[in-house]
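Worksheet for the structure shown next.
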Amino acid sequence: MSSACTHSSICYTSSPHARTVGFKRPDKAERLAAGEPTEALLPEVKCMVDNPEIFPPPLILPGDDLSEDPECPPQSYQEWFREEERNPVTGKRRTVYVVPAPLVGDEVSFMKSWSMPRDGGETPFVPTPKFLDICDYLASFYHGLPIKALTQSPPEFMSWEESQKSKRPLPDPQYVGLRVADECVGIRTRACPDGIYSRQLNLDDLLDAAISMLPKDAYALLLLTDHDLYENDEDIFVCGRAYGGSRVAVVSNARYNPVLDAFQSVDRLHAWPLSHCAEYMSTCCSLSEPRTKRQKKSHSAKAQTNQESSCPNEPPSTPLGMAFSVGRSLAALDWTEESLAALWLGRICRTASHELGHCFGIDHCVYYACCMQGTGSIQEDARQPPYICPVDQAKLLRATGTTKALRDSSLLSFCERPELRETQFFGPLAAWLRAKSC
């Protein structure tokens with residue numbers, strides 16, 4: 001991996017590439033209106049903050065989701081609230097269930113190797129994120145609602161041929177069975193196109209299985225998996241998806257393993273918040289343009305920076321600047337097994353919170369850099385923030401019934417756990433939360 005980032009200029013705007021692809025961000029008046037409720041709510045919910053030093057706009061670097069789909073429509077609070085197909089949280093249906101990765105039965109023990117990367121890369125081993133840590137993070141992110149681990153009668157992979165009364169052994173079966181209570185659901189498999197994993201599972205089949213797991217009091221259910229996923233023939237892989245209307249989501253931790261970062265060209269150094277490094281943004285834009293345009297693009301990116309610190313090597317004392325400063329100091333440290341494990345945990349937590357957001361009826365965000373943005377690649381995923389923007393926060397607070405202060409306090413407590421507070425994902429988030437509340 002690269003050496004530590006030494007830059008201090010932070011870009012509080014979208015990259016010049018956003019203009020190149022025709023992205024038109026809603027203006028300030030539209031953003032303020034988008035977060036304004038249409039019915040009586042707590043005054044705190046009505047308070048809309050539109051400060052780029054806290055909530056900058058989407059980065060939109062080449063290849064990013066909004067670069068490929070710059071006309072993605074925004075979803076205001078009012079549109080979210082009035083959406084007829086949105087599932088409201090009710091007194092009888094308000095629990096979010098999280099299901100651990102299915103067990104692997106003896107007759108399909110070969111599936112254990114499917115979740116092991118074929119190339120260990122630069123790091124020999126990183127512990128898989130702890131299931132209960134994921135649950136605790138989601139309990140903070142969705143503060144106000146009960147988050148429960150669904151561990152009774154866990155789903156288990158089994159032989160699909162055996163469930164179909166056939167005993168013909170298949171070394172690379174086209175289907176495996178997933179036992180859910182008294183039912184066995186067929187899950188399609190295929191060889192992994194890029195060879196990182198030997199085999200993948202079909203995401204749609206797993207989502208169908210997740211629907212059958214929904215308890216009666218469930219608002220939503222998240223199924224985790226250790227296996228790599230695909231959705232259709234064109235995919236190389238997918239990390240997760242939600243059937244929002246059905247209130248279920250599936251997320252895989254396979255591609256977030258830090259062991260794979262070099263192979264997948266994931267820039268750990270410029271993951272959020274260092275993704276807002278002006279020099280990094282300028283370089284990304286310059287490399288995507290013809291040589292005759294590089295100087296112009298580079299100059300534009302630097303012109304849009306906002307450096308407020310009197311010390312040339314110290315980022316400004318804004319919430320994003322404080323997160324940037326902590327992230328930069330932590331990125332200068334050597335990676336350890338513990339810090340890599342925390343990075344992996346943070347990645348899966350961010351995606352899990354994103355996919356569950358769709359179950360609450362929240363669409364992809366175009367207003368700000370936000371964890372509800374769409375993601376065009378595993379590289380973009382690393383650049384996106386773990387926080388939720390003001391517009392989507394208004395929706396979330398309405399759904400969960402909590403307040404911004406209580407939710408922020410709960411998230412900060414999680415990030416400040418002794419094993420997490422000095423790590424590159426949770427340390428900057430804690431700094432951002434602290435500075436934002438001042």
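The values are calculated or read from the model by the stated rules, or taken from the named source; none is laboratory data. Since the model is a prediction, treat every value here as computed from it, not as a measurement. Note that we place each Cβ from the backbone using ideal geometry, even for glycine, and neighbour counts take in every protein chain shown. These accessible areas exclude ligands, DNA and RNA; they are computed on the full protein's heavy atoms, side chains included. Shrake-Rupley method; radii C 1.70, N 1.55, O 1.52, S 1.80 Å.
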Residues of the range 30-67 being open to solvent by 20 Å² or more (accessible area, probe 1.4 Å), over 22 Å from the mean Cα position of the chain (by Cα) and at pLDDT 90 or above, in sequence order, are GLU30, ARG31, LEU32, ALA33, ASP50, ASN51
For the range 309-349, enumerate the residues that are among the charged types (D, E, K, R), surrounded by fewer than 23 Cβ atoms within 10 Å (Cβ to Cβ) and either in contact with a Phe, Trp or Tyr (Cβ under 6 Å, 6 or more places away or on another chain) or more than 21 Å from GLU53 (Cα to Cα) (or both). ASP334, GLU337, GLU338
Provide a single number: the residues in the range 180-225 that are in contact with a Phe, Trp or Tyr (Cβ under 8 Å, 6 or more places away or on another chain), hydroxyl-bearing (Ser, Thr, Tyr) and open to solvent by 40 Å² or more (accessible area, probe 1.4 Å). 0
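Filter the range 88-112 down to the residues that are farther than 28 Å from ALA271 by Cβ and touching a helix residue (DSSP H, G or I) at 6+ places or on another chain (Cβ under 7 Å) and list them by number. First the steps, then the outcome.
So in the range 88-112, the residues farther than 28 Å from ALA271 by Cβ come out as 88-95, 97, 102-112.
Correct list: VAL89, VAL104, GLU107.
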Only one of ALA394, ALA435, ALA382 is small (Gly, Ala, Ser), touching a Lys or Arg at 6+ places or on another chain (Cβ under 9 Å) and under 20 Å from PHE324 (Cβ atoms), namely ALA382
Taking the condition touching a Leu at 6+ places or on another chain (Cβ under 7 Å), in a helix (DSSP H, G or I) and of a type in the set (A, V, I, L, M, F, W, C), does ALA352 pass? yes
Answer with yes or no whether SER377 is small (Gly, Ala, Ser), over 18 Å from ALA271 (Cα atoms) and open to solvent by 10 Å² or more (accessible area, probe 1.4 Å). no
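If you take the residues of the range 404-438 that are of a type in the set (Ser, Thr, Tyr) and open to solvent by less than 60 Å² (accessible area, probe 1.4 Å), which of them is nearest to ASP267 (Cα to Cα)? Talk me through it step by step, then tell me what you get.
First, pick out the residues of the range 404-438 that are of a type in the set (Ser, Thr, Tyr): 409-410, 413, 423, 437.
Of the ones still in play, those that are also open to solvent by less than 60 Å² (accessible area, probe 1.4 Å) are 410, 423.
Numbers: SER410: 29, THR423: 16 Å.
Among residues in the range 404-438 that are of a type in the set (Ser, Thr, Tyr) and open to solvent by less than 60 Å² (accessible area, probe 1.4 Å), the one nearest to ASP267 (Cα to Cα) is THR423.
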All-but-one check, ALA101 against (1) open to solvent by less than 80 Å² (accessible area, probe 1.4 Å); (2) in contact with a strand residue (DSSP E or B) (Cβ under 9 Å, 6 or more places away or on another chain); (3) not in a loop (DSSP other than H, G, I, E, B), failing number (3)
Taking the range 178-196 as the region of interest, how many residues are more than 17 Å from VAL104 (Cα to Cα) and assigned to a loop (DSSP other than H, G, I, E, B)? 5
Quick check on my filter: what residues within the range 327-373 are under 14 Å from ALA242 (Cβ atoms) and acidic (Asp, Glu)? GLU355, ASP363
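What is the residue count in the range 206-230 for residues that are under 23 Å from GLY91 (Cβ atoms) and either without any contact (Cβ under 8 Å) to a residue 60 or more places away in the chain or part of a loop (DSSP other than H, G, I, E, B) (or both)?
As a first pass, look at the range 206-230 and keep what is under 23 Å from GLY91 (Cβ atoms): 211, 213-222.
Among the residues that remain, those that are also either without any contact (Cβ under 8 Å) to a residue 60 or more places away in the chain or part of a loop (DSSP other than H, G, I, E, B) (or both) are: 211, 214-217.
Final tally of qualifying residues: 5.
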The correct count of residues that are part of a loop (DSSP other than H, G, I, E, B) and either open to solvent by 10 Å² or more (accessible area, probe 1.4 Å) or within 28 Å of TYR97 (Cα to Cα) (or both) in the range 231-265 is 15
Scan PHE131, PHE125 and give me the residue that is among the aromatic types (Phe, Trp, Tyr) and modelled with pLDDT under 95. PHE125
What helices (runs of 4 or more DSSP H) lie completely within the range 359-438 and have 2 or more residues being of a type in the set (Ser, Thr, Tyr)? 404-415
Determine whether PRO88 is of a type outside the set (D, E, K, R) and modelled with pLDDT of 95 or more. no
Would you confirm whether or not the range 121-135 contains a residue that is open to solvent by 40 Å² or more (accessible area, probe 1.4 Å) and at positive phi? yes
Single condition CYS72 does not satisfy, out of (1) modelled with pLDDT under 95; (2) open to solvent by 20 Å² or more (accessible area, probe 1.4 Å): (1)
Taking the stated definitions as given, is LEU170 aliphatic (A, V, I, L, M), modelled with pLDDT of 95 or more and either surrounded by fewer than 14 Cβ atoms within 10 Å (Cβ to Cβ) or over 25 Å from the mean Cα position of the chain (by Cα) (or both)? no
